[in-house]
Amino acid sequence: MNRLAGAVNTRITVGVVIGTAIIIGVVAVFRLDSTGKKGSGLGDEFKYDVKDLGKIDPELILYEQSSEPIATGLEISRAIAVDGRGNVYIAGDNAVRIIGEGNPSKRIELSAAPGCVTVADDGRIFVGLREHVEVFDVAGKRLASWPSLGDDAVLTSIAVYKDNVFAADAGNRIVLRYDAAGRLVNRIGAGDDTRNIPGFVVPSPYFDLAVARDGLLRVVNPGRHRIEAYTFDGDLEFWWGRYSAGLEGFCGCCNPVSFALLGDGGFVTCEKGLTRVKIYDAEGRFVGVVAGPEQLTGGKWNICEIPSACRLGGFDVVAGVDGRIFVLDTVKNIVRTFTRTRAGK
Amino acid sequence: MLVGILRYGGLGLLGAAGVYLLKKNPKPRTVWQIDPQVCVACGNCANYCVLEESAVKCTHAFAVCGYCELCSGCFRPDAKELNTGAENQLCPTGAIKRAYVEDPYYEYVIDESLCNGCGKCVKGCNAFGNGSLFLQVRHDRCVNCNECSIAAACPSGAFKRVSAEKPYLLKETHA
Amino acid sequence: MIRFGDAIILGIFSLLVLCASASGIERFPPPDFESGYELPSPTTPSPREDIYQYVDVLVLAGALAVSSYLVLRKRSRRPIFALMVFSLVYFGFWRKGCVCSIGAIQNISLSIFDSGYAVGLVTVAFFLLPLVFTLFFGRTFCAAVCPLGAIQDVVLFKPISVPGWAESSLRLFAYLYLGLAVLFAATGSAFVICRYDPFVSFFRLSGNLNLLILGACLLLVGVFVGRPYCRFVCPYGVILRQLSRVSKWRVSITPDECIKCRLCEDSCPFGAIEKPTVEWPRRNLAKSKSRLALMILLLPVLTAAGGWLASTVGDPLSRMHATVRLADRIYLEQAGQAEGTTDASSAFRATGRELKELYAEAASIQSEFNIGGWAVGGFVGLVIGSKLIRHSLWRRRADYQPDRAGCVACGRCFEYCPREHVRLNKAKEANT
Amino acid sequence: MSGVKAESADNIAEAKKCSPWYQAAAGSAVVGCVFSLIVAGLLIENHLHIKILDPVRSERLEMMKLQVIEQPDGERLLPEIRRLDLQIRRSRITRQQFSRRGGYLLAGGLVVLFVGLKSAAVFRKRAPAPGPPGDVRARQVREALLARRAVMLGLCVLGAAGLILTIKAGVDFGKAQTAGSSYPGAEEIRKNWHRFRGPGGLGISAHENVPLRFSGKTGEGILWKKPVPLPGNNSPILWEGRVFLSGADEKSRQVYCFDADSGELLWMGEVGAVGGSLGKAVEVMNDTGYAAPTMVTDGRRACAIFATGDIGCFDFDGKKIWQRNLGVPESAYGYASSLEMYRNLVLVQYDQGVAEDEKSRMLALDGFTGQPVWEVKRPVPNSWTSPIVVEIADKPQLITCGEPWVIACEPGGGREIWRAKCVGGDVAPSPIYAGGFVFAIEPYDKLVAIRPDGRGDVTKTHVAWIAEDGIPDICCPLSNGKLIFLLTTEGTLTCYKVSDGGMVWEKDMKAGFKASPSLAGERVYLLSDKGVMVVIEAAAQYKELARSELGEACFASPAFADGRIYIRGAKNLYCIGGGD
């Protein structure tokens, strides 16, 4: 009798153990997240978040987008330029597209992918291909093709001032000065202790230059987060700009990626990473913001989700004679136009 | 009799299947790898690996690196000073070693024993820098599961099987 | 499948386009170092040299041969147990349980249905060798070679018998599992057998917590119920069962003749010993006959119904495929029924691929599932139908004998047979 | 004999129980068990530590790091941060090592346990002791029966599980694929009133139980009446319990969403000044107003366009999804074309200026993002008609009117199907499709019936008939498929036969009309400028059924729902219902 009771007891215990085990096992299977639905499960310290840095006080935004963005009509857009008549030149793919107000757009075919474009006052178009410069007339006829600068050259910016043509070579970290005929006059900005020139730090192919109204060449030194002023002979005169995640400085490892001069001698600069277009006065003091990540990248704080998009993420900026600012969105292939609506401080 | 027919029929079927499978484009052995062009560095690699310490780690393609003084993969975006004090470092496990090369260049090396494959630095480098930091399956650690658990949880489909002869998908570098 | 292949080609093409656009920047030259610093190259430790994978095949073949010898000729539990422990250590803890024969089902299925996927010799060998051995020697693979069987067998301490009816119906799960595993593998959705493998985390001594819990629970059940995974879950076991039915040689409890002493009746912890049956019960002969006829008629009905049902649930099942899940998520987001975005949906949007393309891909996977559903559902329906027929038949058996399908050839019953003792004594005498 | 044997075996077992081997085995099993339990406990503790305690510490560290950056005296935290950081990293590594080693230890402990148990079992082997055989036949019969039942049960479980799964069926991408996005089906649209003049812009309600009589004076039959903040000549639109309409003045452009049952203003959205409309005053005629175009909804979002060229889309909770400016339209009286939707596309007929300017275009914007999907230039000057999308021979056609063309194109991609040169002047009445004809109106002049099965220019080939009497200038035509009704602003109501254009009857309504006539069941609803609703029979003889007074001026066409009419007065929105 006792034995029977014992046997029954054991059976019950075993039954309960098996039942519990089965229930726990089934629960474990159903709670198993094999498809990544519950996310990475990492703590906040493992999340990369620049959301707060991307927020901009609306009081500081001085510009507003003034019309619908213009589609560039290109697969990959690299650089933008405007001429005195308000025509917009966009270099990309293997072409330069000219979008004029009221005129049908034109297209100049190139032999290779362009890196930069600029327009002289007489209407000639200077295009920097990867390692050489080509010159076109208004009708798109090629006037000249200057000699190649070698395999390492990566031309990222070009500017025309009177009879001088300046080209920024990001690959060799140097600025080249040409005369109007394409003869190399001198090289500017190579590191030189005797002349107190630190040299350009260009970690990525974003290296911009322009000539200001004071007759000095302005070149971005992106790795040092500043804009340097050189004489045409290559003497470093002064510089301004500093690193800061805040609005006054340039963020990230190498910014600004491009800049342009405004009519009043001020600067409009464009950064990547945290995509911001900002205004500085002629002395390099922060004035205000044209557009921040919210305006430029549709509320997302970073421009890219996948690496290939990140690689395209250096926007180009240019200012028209009427004070409008054109921002080339190289990811979406559009040009945004901004007009000033408020006076700065 | 019937049993015999079934048996040898089955044997023939198995043989035919074997021949078909082996004749079909016999591939070399494959291993799992992340395509760095597709990877979004979501962080799943750190926790979904069957190994306690993930087989995915950050890899550095030095030739793509800009050797910046301010590395956005190494420093917090709001870092106050450019030194590797804990308050400035981006990597929560301190796996990025920074070494001075020459003015103004610094070298960044991943200490794999500390890296957990969370991809935080990858995001930082992609957003601001050249994207020289990216995640790769480290084959000295990977046990090459039949179905990779991280691949199953990968949101961007970046995991794929590659030939064991060429087991890494490194970023293209300057020739 | 062709559309599926096309999608892959398209994906690769779009990837190439993206790469091409990105490569221009990646080829940007690094700084010129004046200090003579040389660029290090990234470390790329190579995969573990896998000469072992061929050793594995040899060990597998060897273990199968030894196991068959031990079961059929030597008839001794102790060396079988030793071989089992060896397999557990070698295939399990040493080789970490990948690739195993059970998981190979999926590789083979995918390889058959996906033209872009090929399997190596090792996988084919792991899949085929145990099947071939089973055709000749019964389930000697399960007996002492499979590490999953081994780990369950060593923890079996207090066997309780599962009633035959429960065993029969619970085993349906294994058939269903096989069907679904093949379906998911063939559509390239998932390798569910690997994903839910309860023991591989033990072999690796690390793994997902939930799977460790599942494995521990199964082992706990396995202390009382012999080899629960093998009997009620294992999809490979389902195939082995069928092949074992037609095997050339098989395990027999007695070495020569059964004296019906009933001593072996409770010796099998897996309920695989069939008792002798008595004659046909004359009383309800007519009733039995009509029932049998009904069951035979039911068979095609069940097959068709199963196929229809599984094909209908093809859509929800297809969510096992990442593409369908993604399409589903994006669809909900587009419709405003889902808040925010997930990593996957934003990654997809970043690629700039057309929604239509994604939906088309998802639709083609869904239709694969609908077609595959017919096969799987039909298979399960057929199994249920055959089971019903079998349980309506009256088969005659005179002796105690192992169930050809269910016997895993563990060799426990041998020593219960008095005739075996006689044989061993004779052998001993002959030796001395 | 077997009994004896069993007994002796028992004895042997008893004897072996106390054997030192057995005890050693049992002892080692106990040791292994205890050890494993301890290791397992430690591993669990370790795991909990990683999962629960570590994140807390990391969070504290992150907080401190932020403080360093934000606070001026943050520097003093630095030593603390570095100490904590080091501590966290160290503990992470130790814990990882511990769990790795713990795994080995646990495995070792379990091996000891199993070896012990196994050998103990060997040393205490039970002899087989089968019970009494019992009734073999009965057992066999019972087992077979139970087995059949169990399999049946399994069958039921599987079937039930399958059926449950079918209920949770996901999205059918075979269908979704053609959509490109989510959009309502034809049936869903038919039940609602999603655009100007309802489904297809035909002015026909799917509901027949629409009220006949009401009184604005006594309030009879008026369920609710709510003021609309800003004026607008656009008509209300309906979608499952919501009424949308828009209003605007020189300064602001607003969208309103009312609860269809209670009249409660659920939300109000503002379409801000974007782009081109900025700073420039847009001039419109007072009669047209700034909000003449009627909104459109697809049940997921509602979009509105204004005379300034601002277009905005809101979700059903009032959140603005997108807005854009299409450039201020040059329109002599003010832009008035209503929106249409096709699948996920918002269709905008953007006719402006003179034809030579080539400024007119047909636009399709993605409803989800506002991005243009396609755009086609239109060779027409400014017009005031609304586009319609109708299903003709199972193919959708987008039909538009503008001097001098009636153009049909594919709404999905904008490809033209046919065009007919037949309407002139300042075209305002929108086209309709009825009884196999597309009807277009040249104000004051003619009604044209076009067979829509042509390709290319069908002016000479597909115009079936033309009528020239009682032609409206603003109101759209209405047809039940057999008869077509025309209503002029002066109040002449003319009825033609659809088949051949023969006039059936003509009647002077003695009132002015801006709102277009509508059809519900067999009744034609006419709403006069003074707010008098006249209901007549849609029949070959004029027969007035009812006449109700609202008591407020009305210029917008009413919207019809299940048992309800929604009327926008000059100031208020009315819901008529509950009458007969």
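Measuring with a 1.4 angstrom probe and ignoring ligands and nucleic acids, A:V211 comes out at about 30 Å² accessible. Based on protein heavy atoms only, the stretch B:2-163 ends up with 32 Å² per residue of surface accessible to a 1.4 Å probe. Descending by average beta-carbon neighbour count within 10 Å, the peptides D:288-298, D:26-36 line up as D:288-298, D:26-36, the highest first. Computed with a 1.4 Å probe over protein heavy atoms only, the accessible area of D:Y574 comes to about 10 Å². Counting, for every residue in C:341-349, the Cβ atoms of other protein chains within 10 Å of its Cβ and taking the mean gives 6.
Between the listed residues C:S252, B:G9, C:T43, the Cα displaced farthest toward the positive end of the dipole of the protein assembly as shown, a dipole computed from Cβ unit charges relative to the Cα centre, is found at C:S252.
Summing Cβ point charges (Lys, Arg +1; Asp, Glu -1) relative to the Cα centre of the stretch A:101-227 gives a dipole of roughly 140 debye. Think of chain B as having a plus end and a minus end, set by charges on the Cβ of Lys, Arg, Asp and Glu; of B:G117, B:V50, B:P104, B:V50 sits farthest toward the positive end of this dipole.
Overall shape: oblate for the protein assembly as shown, with the ratio a/c of the largest to smallest alpha carbon gyration tensor axis at 1.5 or above and b/c at least equal to a/b.
How large a share of the accessible area of the protein assembly as shown, in percent, is made up of carbon and sulfur atoms when the probe is 1.4 Å and the other protein chains stay in place? Whole-percent figure for carbon plus sulfur exposure: 58.
Loop-resident trypsin sites (Lys or Arg not before Pro) (DSSP state other than H, G, I, E or B) in the stretch C:189-286 with no more than 15 further Cβ atoms inside 10 Å of their Cβ: C:K248, C:K260, C:R282, C:R283. The mean number of Cβ atoms from other chains found within 10 Å of a Cβ in peptide D:149-161 is 6, as a whole number. Other protein chain C-beta atoms within 10 Å of residue C-beta, averaged over C:381-390: 3.
Each Lys or Arg adds one and each Asp or Glu subtracts one; over the other residues with Cβ under 12 Å from the Cβ of B:Y106, this totals -2. May I ask you to derive the relative contact order of chain D, considering only C-alpha pairs under 8 Å and at least 6 residues apart, and to give it as an integer percent? Dividing the mean separation by the residue count of chain D yields 11 percent.
Ordered from largest to smallest accessible area (heavy atoms of protein chains, 1.4 Å probe), the residues A:I24, A:I325 come out as A:I24, A:I325. Count the net charge of all other residues whose Cβ sits under 13 Å from the Cβ of C:K387, scoring Lys and Arg as +1 and Asp and Glu as -1. Residues near C:K387 contribute +4 overall.
Computed from point charges on the beta carbon alone (+1 for Lys and Arg, -1 for Asp and Glu), the dipole magnitude for the stretch D:2-179 about its Cα centre is near 640 Debye. Computed over protein heavy atoms with a 1.4 Å probe, the accessible surface of the stretch D:287-366 works out to 27 Å² per residue. Checking every one of the trypsin sites (Lys or Arg not before Pro) in the stretch A:75-162 against DSSP loop status and a limit of 12 other Cβ atoms within 10 Å picks out A:R85, A:K141, A:K162. Give the C-D buried accessible area in Å², both sides summed, 1.4 Å probe, nearest 100. What C and D bury together is about 4700 Å². Annotation: per residue accessible area for the stretch D:2-179 equals 63 Å², rounded to a whole number [probe 1.4 Å, protein chains only].
The heavy atoms of D:L113 offer some 30 square angstrom of accessible surface to a 1.4 angstrom probe.
When the listed pairs D:K191/D:K507; A:K272/B:K123; A:K106/D:K421; D:K225/D:K530; A:K55/B:K80; D:K191/D:K395 are checked against a 23 Å cut-off, the alpha-carbon distance exceeds it for D:K191/D:K507; A:K106/D:K421. Count Lys and Arg as plus one, Asp and Glu as minus one, and take only other residues whose Cβ is under 10 Å from that of D:S338; the net charge is then +1. For the pair A and B, the buried accessible area comes to roughly 3000 Å² in total, with a 1.4 Å probe and the value rounded to the nearest 100. When peptides D:400-408, A:53-61, B:82-90, B:50-58 are sorted by average Cβ neighbour count within 10 Å, with the highest value leading, the order is D:400-408, B:50-58, B:82-90, A:53-61. P(r) for the stretch C:361-407, from all Cα pairs and a bin width of 10 Å, is 21, 29, 22, 16, 10, 3 %, short bins first. Ordering D:G103, D:H47, D:C33 by Cα displacement along the dipole of the stretch D:2-179 toward the positive end leaves D:C33 in first place; charges were set at the Cβ atoms of Lys, Arg (+1) and Asp, Glu (-1). Hey, if you drop one equal point scatterer on each alpha-carbon of the stretch B:2-163 and run the Debye formula without solvent, what base-10 log of I(q)/I(0) do you get at q = 0.11 Å⁻¹? Results for the stretch B:2-163 at q = 0.11 Å⁻¹ read -0.54.
Chains C and A together bury some 2500 Å² of accessible area, summed over both sides, with a 1.4 Å probe. Tell me, what is the percent relative contact order of the stretch B:2-163, built from C-alpha pairs under 8 Å that lie six or more residues apart? Relative contact order of the stretch B:2-163: 36 percent.
Take every Cα pair under 8 Å whose residues are at least 6 apart in sequence, average their separation, divide by the length of chain C, and the relative contact order is 23 percent.
Computed from point charges on the beta carbon alone (+1 for Lys and Arg, -1 for Asp and Glu), the dipole magnitude for the stretch A:54-340 about its Cα centre is near 360 Debye.
The values are calculated or read from the model by the stated rules, or taken from the named source; none is laboratory data. Bear in mind the structure is a predicted one, so any value in this text is a computation, not a measurement. Cβ sites come from the backbone with ideal geometry, for glycine too, and all protein chains shown count toward neighbours. In case anyone asks, the SASA skips ligands and DNA or RNA and just uses the protein heavy atoms, side chains included. Shrake-Rupley method; radii C 1.70, N 1.55, O 1.52, S 1.80 Å.
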